[in-house]
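Engineer: Submitted below is the structure of interest, expressed as structure tokens.
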């Protein structure tokens, strides 16, 4: 595997199931975070293109066959999309790594096959979902129906573009909704592969449009009067703005936002296993993951031992070209993200934290938006580096006195998205998991299972993705009162 050098160019947008010329002349240039050179160009969707896409989705939902098909017919189409991911997963992995810097060594699973698993899991959930049920009401029998919410605006970030797209599109489409997918200007190239797959799978006209665009066009989409549901993944600040704009039309929203998750290492933990389990998920996607274990909580009784072990493991991560299969940590997606991490490293030192490893640009990388894997020790949870989402390879090691304090520190955060606990006593770990206020938690592992609900407490978001809970976000509930004494024939 070598760095990508060919220029990928697309001149059209995918609107209503067809590739068509854009209305505007804007162009998005995709920059390699490794070489800092242009590797792709695509049209920048305009507000007029949004209008076309939403109108196509509206017609397809109101008049087209997709919402009126039987579930098995929709599953057949979505299965073809899922199967195409299996065939083209390496292509997805290479494209995404070239755009956002994810090491190819993890991109095959994290960026490509995980997205395929989301499509597959959504099919499993859809088969067993209770679309209609009978209830005995106070005044007589009831029929409770779940009906597709309508036109969905799905807005996804650059860090896991296909995974987050699948988290929204798979349940929305299976539910019978139509969708407009707005992709990030940093990672639009893989979206064209998805468009090809969707077209080949046989989605009816209007069911799916895919638009690369910036924040301003995203806001126009979110505030569109013909959008019934917004599903957004991104920062807390952007999520607040999405909610504000969508509220003007009382548009339903699901928000999957940031995190500052804590990995609690209890005193009885196997340190070697804890380090091996935590490090890959603290620095995953080069630290650019909302679920990353960015606060590691270590008992004071073993703090020095753990600091040495985690620093050694972080310092040993191989930094370099994301398309080199031996690379374990690549560049950040953009210069602004690199500078953000460097600014936080400076801030952490000013706050009194101690750099245990890293803290600079890698000397071996003469170009590219790289930051060394950095671990801070002597961190107090009140420091900004422990409270704010850095979204880079900067991790905090925080001491605690006892289990109660560990839980308190884990909860002392504006976020509540993920977390983990590491212990020799699994039952003790489950007890800790029950006490920490966060949406997803792992005991002696780190996992994100697509058959369970994923989402956050507090500033980490609203609503859930995955499992029946996430599928249910794409339905309206209807209650039909039946006459007293009615019994189904």
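Every number in this text was worked out from the coordinates using simple rules, so none of it is lab data. Please read these numbers as outputs of a predicted model, since none were measured by experiment. Positions of Cβ are generated from backbone atoms using ideal geometry, with glycine treated the same way; all protein chains shown enter the neighbour counts.
Engineer: So for each of 39-45, 22-28 I average, over its residues, the number of other beta carbons within 10 Å; can you give me the resulting order with the highest mean first?
Structural biologist: Descending mean neighbour count gives 39-45, 22-28.
Engineer: Something else now. When a footprinting reagent is the concern and you count Cβ atoms within 10 Å, what order do 398, 75 take, fewest first? Kindly include the intermediate steps, with their values, before the conclusion.
Structural biologist: Values: 398 23, 75 18.
Placing the least packed residue first, the sequence is 75, 398.
Engineer: Then there's this: Residue 250 to residue 214: FRET efficiency via 1/(1 + (r/R0)^6), r the Cβ-Cβ distance, R0 35 Å, to the nearest 0.05?
Structural biologist: Here the calculated transfer efficiency is 0.85.
Engineer: Next question. What fraction, in whole percent, of alpha-carbon pairs in region 24-63 exceed 17 Å separation?
Structural biologist: Looking at region 24-63, the distances longer than 17 Å represent 52 percent of pairs.
Engineer: Then there is this: When all C-alpha to C-alpha distances in the chain are sorted into bins of 10 Å, what percent of pairs does each bin hold, rounded to whole numbers?
Structural biologist: Bins of 10 Å from zero give 4, 20, 29, 25, 15, 6, 1, 0 percent of pairs.
Engineer: Sticking with this structure for a sec: So what is the relative contact order for region 262-443, in percent, with contacts set as C-alpha pairs under 8 Å and at least six apart?
Structural biologist: Relative contact order here is 28 percent.
Engineer: Can you show me the helix-derived [θ] at 222 nm for the chain, built from DSSP H runs with n ≥ 4 at -39,500 (n - 2.57) apiece and divided by the number of residues, rounded to the nearest 500.
Structural biologist: On the way: 15 runs with 183 residues, N = 489.
Taking each H run of at least 4 residues, the total per residue is -11500 deg cm²/dmol.
Engineer: Arranged by the count of other C-beta atoms within 10 angstrom, fewest first, what order do 182, 354 take?
Structural biologist: On the way: 182 27, 354 13.
So the ranking, lowest neighbour count to highest, is 354, 182.
Engineer: Here is a follow-up. Tell me the angle of helix 161-175 to the major Cα principal axis of the chain, expressed in degrees between 0 and 90 and rounded to the nearest ten.
Structural biologist: 30 degrees
Engineer: Considering only DSSP beta bridges with both partners in the chain, what is the antiparallel share in %, to the nearest 5?
Structural biologist: Approximately 45 percent, going by the DSSP bridge assignments.
Engineer: Another question about this same structure. Cα gyration tensor of region 308-353, axes a ≥ b ≥ c as square roots of the eigenvalues: rounded (a/c below 1.5), prolate (a/b > b/c) or oblate?
Structural biologist: In terms of gyration-tensor shape, oblate.
Engineer: Let me ask something additional. Could you please state, rounded to a whole Å, how far the C-alpha centre of region 138-184 is from the C-alpha centre of region 416-489?
Structural biologist: So the separation of the two Cα centres works out to 17 Å.
Engineer: I want to check the label-to-label distance for residue 237 and residue 427. Put each point 7 Å from Cα in the C-beta direction and report it in nm to one decimal.
Structural biologist: Here the answer is 4.8 nm between the modelled labels.
Engineer: In addition: Roughly how large, in nm² to one decimal, is the mean projection of the convex hull of the alpha-carbon atoms in region 262-443?
Structural biologist: Numbers: hull surface 38.4 nm².
For region 262-443, the mean projected area of the Cα convex hull comes to 9.6 nm².
Engineer: Something else about it: Provide 131, 104 in ascending order of the number of other Cβ atoms located within 10 Å of each residue's Cβ, fewest first.
Structural biologist: By the 10 Å Cβ count, ascending, the order reads 131, 104.
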